[in-house]
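The values are calculated or read from the model by the stated rules, or taken from the named source; none is laboratory data. Bear in mind the structure is a predicted one, so any value in this text is a computation, not a measurement. Ideal geometry is used to build each Cβ from the backbone, glycine not excepted, and the neighbour counts take in all protein chains shown.
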Amino acid sequence: MKATIYPSTLQGTVAAPASKSAMQRACAAALIHKGRTILHNPGVSADDKAALDIIQQLGASVIINNEIIQIESAGINPVSHAIHCGESGLSVRMFTSIAALSKEKISITGGGSLTRRPLHFFNEVLPQLSVECISQNGLLPLTIQGPLQPQNITVDGSLSSQFLTGLLFAYSAAQATDVTISVTNLNSKPYVDLTLQMLKQFGLKVPENNQYQSFYFDKEVGETTPQTIDYTVEGDWSGGAFLLVAGAINGDIVVKGLDLFSVQADKAILQALNDAGAIMSVTETEISIQKSVLKAFHFNATHCPDLFPPLVALASFCEGTTAIEGVHRLTHKESNRALTLQEEFGKMGVMINLQDDVMLIEGIKNIQRTNVHSRHDHRIAMACAVAALRANSEMVIDEAEAINKSYPNFYQHLKQLGASISLSEN
């Protein structure tokens, strides 16, 4: 699909999409929870749908009724010998360890860029937990056979905290007793907070967090879990970040549905916007933001790497040179986002330099008319679309349907705010 974005000033109110980070974790918790789960405000992205399909293959029943999803589960009882994770990095990293709780042999597959993401972690860690694991030189497909037996282990958290999330869910489901998961080089700590919060909200066993260096599961089972869990999926700060940046560069909008008390890492977009001089008003229920005279800023995105694309769109219109740290976190995303951002925004006339772990963006007044490509990366497509709102003429995004991975209503929401967008088949 091609998306043609015309220069547009945004105005109005929009609700942020549901958080896929929370939605997918809620699916995992609902599978582990023995009983009924009612999910309110569920996500509708491709990654969310992949998670729902996975838990059904692992034994849960799912009934979708408008904006409510009912999940019934008796634990991990696979009805299939295969699970397909779509293109979801979180799903493959989280559900592999959960699926390993079964004694059945299970094949784990995926598509698109997921087939190129390194999964050596499982070859190194799962055998220590009595799980046989076979991969294709550290890539999908994987074949695993458990059951997983919790042990004292040390894992490397430098590539992604999502591997740790999977182990925390698996250990909790297995009622791990007097064992510790030690972690070195942990990145994206806020996402670990989200995992621990999810375990608690679902009445599951929660480990003791020792300053993110170790997670100890004690001998106590904990309180009795309620038979029915009601959970409302919170708004997504990752998707909301694009809306907020769009408002700051060429709008006067209100974004609803973002929880100011959320532990989501991408809530840090508020700090970046503030540092850039964006005019905004923040309350518990909504964020108002408008076109502002923006200045260059310095931001460390090591623990929130998904903010790089909206931050680059923001920095493109900031006077001066913006510096964003954490480039090493961008290599194993849907694309190598450091190079992709440099190349696609370079087409627009934005100069991006990469110096070790720092990205330097030279701000300009207006984006040049050009054709760009999503590189099949949802966040690249959205970043380009947001920047195009202040281009000097229309801009075409090829493979624009990449947004379906996380925010399928993105173009619709921009149109709702007054953006002129034309969608057509390639």
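Laid out as a table, the results:
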read-out: Condition check for residue 251: touching a Pro at 6+ places or on another chain (Cβ under 7 Å) and either of a type in the set (D, E, K, R) or in contact (Cβ under 8 Å) with a residue 24 or more places away in the chain (or both); value: no
read-out: Region 363-398, subset crowded, with 24+ Cβ neighbours inside 10 Å and of a type in the set (Val, Ile, Thr), residue nearest to residue 87 (Cα to Cα); value: 380
read-out: Residue within region 182-192 that is under 25 Å from residue 77 (Cα atoms) and assigned by TED's automatic domain parsing to the domain that holds residue 105 present; value: no
read-out: Residue within region 101-120 that is small (Gly, Ala, Ser), touching a residue at least 40 places away in the same chain (Cβ under 8 Å) and under 20 Å from residue 157 (Cα atoms) present; value: no
read-out: Any chance residue 144 is loosely packed, with under 15 Cβ neighbours inside 10 Å, part of a strand (DSSP E or B) and either among the β-branched types (Val, Ile, Thr) or in contact with a Phe, Trp or Tyr (Cβ under 9 Å, 6 or more places away or on another chain) (or both); value: no
read-out: Residue pairs meeting the criteria (Cβ under 8 Å; at least 6 apart or on separate chains; first closer than 19 Å to residue 335 by Cα, in region 380-391; second charged (D, E, K, R) and part of a loop (DSSP other than H, G, I, E, B)); value: 380/334; 381/399
read-out: Any chance residue 326 is of a type outside the set (Lys, Arg) and either in contact with a Pro (Cβ under 9 Å, 6 or more places away or on another chain) or surrounded by 23 or more Cβ atoms within 10 Å (Cβ to Cβ) (or both); value: yes
read-out: Criterion (farther than 15 Å from residue 360 by Cβ and in contact with a helix residue (DSSP H, G or I) (Cβ under 6 Å, 6 or more places away or on another chain)) met by exactly one of 316, 288, 292; value: 292
read-out: Residue identified as closer than 29 Å to residue 34 by Cβ and buried (at least 17 other Cβ atoms within 10 Å of the Cβ) among 188, 113, 161; value: 161
